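Engineer: Here's a structure for you.
The values are calculated or read from the model by the stated rules, or taken from the named source; none is laboratory data. Model, not experiment: these values are computed from the prediction. Backbone-built Cβ (ideal geometry, glycine too); neighbour counts: all protein chains shown. Each accessible area value is taken on the protein alone, full model and side chains, heavy atoms only, with ligands, DNA and RNA left out. Shrake-Rupley method; radii C 1.70, N 1.55, O 1.52, S 1.80 Å.
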Amino acid sequence: MSDRTLHLAAFAAAGPVSGNHGGWRYPGADLDLLSAGYYRKLGRKLEAARFDLLFIADILAIPTRLENSLDSQLRYGALGALRLEPLSVLSLIAGHTEHLGLAATISTTYFEPYDVARSLATLDHLSGGRAAWNIVTSFQHAEARNFGREDHISHDERYDRADEFLEVACKLWNSWEDGALVRDAAAPLFADPSKVRPIDHRGRWFQVEGPLNVSRPPQGRPVFVQAGASSRGKDFAARWTDVIFVTHASLESAQAFYREMKQRAAAQGRDPDGLKILPGIAPLTGETGEIARAKDALLTDLADAKAGLSTLAYHLDIDLSRFPQDTPLPEIEQPGIHGHYKEVAELTRKHGMSLAQIGKQYAIKTNRDFIGGYKEVADRIEQWFTQSACDGFMIQIPYLFGGLDDFANLVVPELQRRGLFRTDYEGTTLRDRLGLPRP
Ligand SMILES: Cc1cc2nc3c(=O)[nH]c(=O)nc-3n(C[C@H](O)[C@H](O)[C@H](O)COP(=O)(O)O)c2cc1C
């Protein structure tokens with residue numbers, strides 16, 4: 001093993017697309033995505049490949065950003081077309097795995113801290129300390145309209161609310177001291193009342209008395225994951241987050257982001273190594289480069305440009321059909337997701353792409369550096385890891401389950417041969433795997 005261990009997370013949406021909009025149409029792709037068996041298989045395969053964690057993305061609406069219509073998302077099975085609720089899916093997977101970390105995306109804008117702290121504490125207990133939370137502030141108008149609002153609250157207010165949300169959630173997880181749950185039948189002392197206290201939180205956004213009605217989770221609190229890349233998003237990540245997974249169009253922008261975030265963490269008085277940065281990539285591989293490129297050609301053919309444009313419109317929170325399709329990406333002051341905007345803007349600048357071309361590119365994934373024979377993919381992973389661009393990766397699987405099998409059976413053993421990746425799990429909790437202390 002090298003002195004640093006590479007971390008691998010798998011990015012999935014409990015819906016049609018995880019890495020490539022052509023993926024669900026790929027020959028042999030499993031479309032049984034409403035079944036328990038599908039997620040059991042996903043969890044077990046990732047665990048057999050020794051992944052650190054499975055991450056499930058989410059949105060609380062079907063996006064209508066393109067042409068103010070559901071059509072493009074539903075017809076093309078785009079990223080937001082269908083999403084099962086992540087905590088339910090992960091609870092199911094928890095029952096069929098023993099080591100895999102389980103990250104649920106949950107919004108701080110549309111939920112309440114008591115609910116979320118309770119659900120995640122439950123998942124952490126039931127999984128033996130494997131729960132993680134992808135903290136999102138939500139950015140879609142369609143989501144606001146599902147929660148009784150005409151429009152969503154402003155970007156910075158969403159982060160204000162998120163900060164207070166996290167303060168309350170942490171107080172709730174700490175409202176039971178470790179050891180408060182005694183379960184002494186003879187005494188009797190089920191739980192020690194002197195070790196369980198209300199939190200009496202009174203803030204701008206939340207009034208919560210507490211305590212939580214679930215004892216302190218095995219990890220103290222779940223692992224915090226986040227992907228905001230605006231200035232507020234980065235402040236939030238430097239303050240709270242254990243894992244960041246913003247996507248990048250090039251090695252250089254990944255390196256710049258890595259440097260900046262480690263510095264920001266240090267400026268908050270944190271150990272920079274306690275913040276793991278796992279950029280999202282979509283590797284596509286095979287025994288040889290030729291085989292990988294043939295798969296890529298087929299996937300590219302199956303991914304509709306309109307599906308990509310629809311997802312990009314949703315990610316940037318702007319109706320891209322309003323602009324002539326042969327012009328470049330418009331300047332956007334407040335995009336829905338800053339990380340994706342920066343990525344696409346970099347690509348547009350470099351290659352002078354039109355909106356129509358960007359749609360196609362977004363449908364198949366913008367960063368094309370990780371397509372090739374398994375040794376080439378492992379080379380590129382090693383390069384990013386050793387050249388200070390990341391602590392590991394969030395792998396976006398191009399199609400299920402073939403794309404996962406290729407990565408697990410070819411790239412993972414190659415990374416293990418190189419001493420970059422674990423051959424077995426060590427420790428018991430997700431925090432142990434990620435090398436993070438228990439708070
Ligand atoms: C790779 C990536 C994946 C994301 N996944 C989700 C998601 O599943 N659900 C969601 O609501 N937001 C998601 N986001 C949005 C962010 O977490 C964040 O809330 C949003 O980018 C707004 O923050 P910002 O203005 O700092 O970028 C994702 C962002 C990135 C870069």
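Engineer: So what are the ³J(HN,Hα) numbers for the range 199-204, from phi and the Karplus equation (6.51, -1.76, 1.60; θ = phi - 60°), rounded to whole Hz, Gly and Pro as x?
Structural biologist: 9, 6, 7, 10, x, 6
Engineer: Under a point spin-label approximation (7 Å from Cα along Cα-to-Cβ), what is the residue 401-residue 35 distance to one decimal in nm?
Structural biologist: Label-label distance for residue 401 and residue 35, simple model: 1.0 nm.
Engineer: Sticking with the crude label model, points 7 Å out along Cα→Cβ, report the distance from residue 294 to residue 273 in nm, one decimal please.
Structural biologist: Between residue 294 and residue 273, the label points sit 4.5 nm apart.
Engineer: Out of the range 322-379, which GluC sites (Glu not before Pro) are coil in DSSP terms and have no more than 11 other C-beta atoms within 10 Å?
Structural biologist: Answer by residue number: 331, 333.
Engineer: Also, quick follow-up: Express in nm, to one decimal, how much length is gained between residue 349 and residue 438 on full extension, taking 0.36 nm for each residue of separation and deducting their alpha carbon distance.
Structural biologist: Extra length from residue 349 to residue 438 when fully extended: 27.7 nm.
Engineer: Express the accessible area of the range 7-434 per residue in Å², computed with a 1.4 Å probe while the remaining protein chains stay in the model.
Structural biologist: 39
Engineer: Next question, about the same structure. What number, in percent, do you get for the relative contact order of the chain if the mean sequence gap of Cα pairs under 8 Å and at least 6 apart is divided by its residue count?
Structural biologist: 24
Engineer: To test your reading of the geometry: what angle, between 0 and 90 degrees and rounded to tens, separates the Cα axis of helix 251-267 from the longest principal axis of the chain?
Structural biologist: Tilt relative to the chain: about 20 degrees.
Engineer: Looking at the range 7-434, what % of its DSSP beta bridges pair antiparallel, to the nearest 5?
Structural biologist: The antiparallel fraction comes to roughly 15 percent.
Engineer: When ranked by the protection proxy of mean other Cβ atoms within 10 Å per residue, highest first, what sequence do the peptides 132-140, 106-114, 175-183 form?
Structural biologist: 132-140, 106-114, 175-183
Engineer: Relative to the present Cα-Cα distance, how much length would full extension add between residue 382 and residue 250 at 0.36 nm per residue of separation?
Structural biologist: Between residue 382 and residue 250, full extension yields 46.1 nm more.
Engineer: Simple spin-label model, 7 Å along Cα-to-Cβ: residue 213 to residue 182 in nm?
Structural biologist: It works out to 2.2 nm between the two label points.
Engineer: For helix 36-48, what angle does its Cα long axis make with the longest principal axis of the chain, in degrees from 0 to 90 and rounded to 10?
Structural biologist: 90
Engineer: Against the longest alpha carbon principal axis of the chain, how many degrees, from 0 to 90 and to the nearest 10, is the axis of helix 231-240 turned?
Structural biologist: Helix 231-240 sits at roughly 40 degrees to that axis.
Engineer: Based on the mean of other beta carbon atoms within 10 Å per residue, what is the order of 227-234, 23-30, 391-398, most packed first?
Structural biologist: Descending mean neighbour count gives 391-398, 227-234, 23-30.
Engineer: Two decimals is fine: what is log10 I(q)/I(0) at q = 0.16 Å⁻¹ for the range 3-159, from a Debye sum with one equal scatterer on every Cα and no solvent?
Structural biologist: For the requested q values the scattering log ratios are -0.99.
Engineer: Quickly estimate the mean residue ellipticity at 222 nm for the chain, helices only: each DSSP H run with n ≥ 4 gives -39500 (n - 2.57), and the total goes over all residues, rounded to 500.
Structural biologist: Using -39500 (n - 2.57) per qualifying helix, the result is -11500 deg cm²/dmol.
Engineer: Further question: Starting from the Kirkwood radius over alpha-carbon pairs of the chain, derive D by Stokes-Einstein at 20 °C in a medium of 1.002 mPa s and give it in µm² s⁻¹.
Structural biologist: 96
Engineer: Show me 288-298, 264-274 ranked by packing, highest mean number of other Cβ atoms within 10 Å first.
Structural biologist: So the peptides 288-298, 264-274, ranked by packing, come out 288-298, 264-274.
Engineer: Which whole-Hz ³J(HN,Hα) couplings does the range 401-413 yield from phi under the Karplus relation 6.51 cos²θ - 1.76 cosθ + 1.60, θ = phi - 60°, glycine and proline marked x?
Structural biologist: My calculation for the range 401-413 gives 9, x, x, 6, 4, 4, 5, 5, 8, 10, 6, 4, x Hz in order.
Engineer: The range 127-182: which trypsin sites (Lys or Arg not before Pro) are DSSP loop and have at most 15 other beta-carbon atoms within 10 angstrom?
Structural biologist: Passing sites in the range 127-182 are 149.
Engineer: Looking at the square roots a ≥ b ≥ c of the eigenvalues of the Cα gyration tensor of the range 49-110, which shape do they give, rounded for a/c under 1.5, prolate if a/b is larger than b/c, or oblate?
Structural biologist: It comes out prolate by the Cα gyration axes.
Engineer: I've got another one for you. Net charge near residue 356, counting Lys/Arg +1 and Asp/Glu -1 over other residues with Cβ under 12 Å of its Cβ?
Structural biologist: Taking every other residue near residue 356 into account, the sum is 0.
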